[in-house]
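Peer 1: Take a look at the following structure, please.
What follows draws every value from the coordinates through simple rules; no lab data is involved. Just so we're clear, the structure is a prediction, and the values are computed from it rather than from any experiment. Ideal geometry is used to build each Cβ from the backbone, glycine not excepted, and the neighbour counts take in all protein chains shown.
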Amino acid sequence: MKNCDIVMDLLPLYADDVCSEESRKEVEEHIKGCTSCKSTLEKLRKNVSISPQKDAEVLKRIKKRLRIEKLVVVLISATVLVFVLLGTLFYLINSDCSMDIERYDIPNNVYVSEVDGMLMLCVKGGASSFDSVYPTFSDTNGNHLTYDKDYDKNSKNGIGYTLKQRKISRFSYVDMGNLYSFAYQVGTVENLKEKNIEKIFYYDDVNNKEFILWESDKND
């Protein structure tokens, strides 16, 4: 039994061919007459023995799995990127912003003209690339409807307009030159006076600034 204990300790080294020559001889001599230790050695060799063919098959499976995992990562990344791009595009198309005053030369491209007593809001040039018009009213304290919580409708004295565009339109600016392209009826001079409207202005809601387009005192 004592010899078996010693040999059992040496068997893993013997199976891996890393034991000393003296230990090798002792193991070989022992297993000639010990079926138990010989059986243990055979099991050790069976567990650690892998043929070159099996090695190649294992490597192929590993490489195949890595390729699949890499493909999955690429597909997931591409899908996420597509959703991000679509979300960004949807946001740019379906949300608006006020047109840049300087870029579209708002002061020179937006004006009010009078035709047979009817006041018309006119837009030309680069400003004509707007997508929507947002009206507002001002009161005598300089507050604006929908913009200032202190707006007082009882002291309303002006009507203003803000041109807005879809955010995506900022990337496709086209200079429209001086072509007249839009006219919006504001109302007659008499109707505006009846409603205590003393001025028509373009409202820069970004900088809270009014560009006066028409004043009743100056046009009577």
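Peer 1: Most fluctuating residue of Lys199, Lys64, Lys43 in a GNM of the chain with Cα springs under 10 Å: which is it?
Peer 2: Looking only at Lys199, Lys64, Lys43, the largest GNM fluctuation is found for Lys43.
Peer 1: Quick one: if you stick a label point 7 Å off each Cα along the C-beta vector at Cys97 and Met120, how many nm between them?
Peer 2: 3.2
Peer 1: Here's a follow-up. Which whole-number percent is the relative contact order of region 106-219 (Cα, under 8 Å, 6+ apart)?
Peer 2: Numbers: 203 pairs, mean separation 34.4, N = 114.
Across region 106-219, relative contact order equals 30 percent.
Peer 1: Can I ask one more? Tell me which cysteines of the chain come out unpaired when the rule is another cysteine's Cβ under 4.7 Å.
Peer 2: Isolated Cys, the chain: Cys4, Cys19, Cys97, Cys122.
Peer 1: Report the FRET efficiency, 1/(1 + (r/R0)^6), for Asn191 and Leu86, where r is their Cβ-Cβ distance and R0 is 35 Å, rounded to 0.05. Write down the numbers at each step before the final one.
Peer 2: On the way: r = 47 Å, r/R0 = 1.34.
My answer for the efficiency is 0.15.
Peer 1: Okay, moving on. What number, rounded to the nearest 500 deg cm²/dmol, is the helix-based mean residue ellipticity at 222 nm of the chain, given -39500 (n - 2.57) per DSSP H run of at least four residues and division by all its residues? Mind dumping the intermediate values first?
Peer 2: Working: 7 runs with 96 residues, N = 220.
-14000 deg cm²/dmol, from helical runs alone.
Peer 1: Okay, moving on. Mind grabbing the base-10 log of I(q)/I(0) for the chain at q = 0.10, 0.15 Å⁻¹? Debye formula, identical points on the C-alpha positions, no solvent, two decimal places.
Peer 2: -0.68, -1.00
Peer 1: What are the DSSP H helices in the chain that stretch 27 Å or more along their long axis, judged by alpha-carbon atoms, and whose average Kyte-Doolittle hydropathy comes to at least -0.5? Provide the component values of the computation, followed by the final result.
Peer 2: On the way: long enough: 52-94 (62 Å, 0.81).
Span-like helices in the chain: 52-94.
Peer 1: For Lys167, go through the lysines and keep the ones whose alpha-carbon is under 29 Å away, minus same-chain ones fewer than eight residues off.
Peer 2: Cross-link targets: Lys124, Lys149, Lys209.
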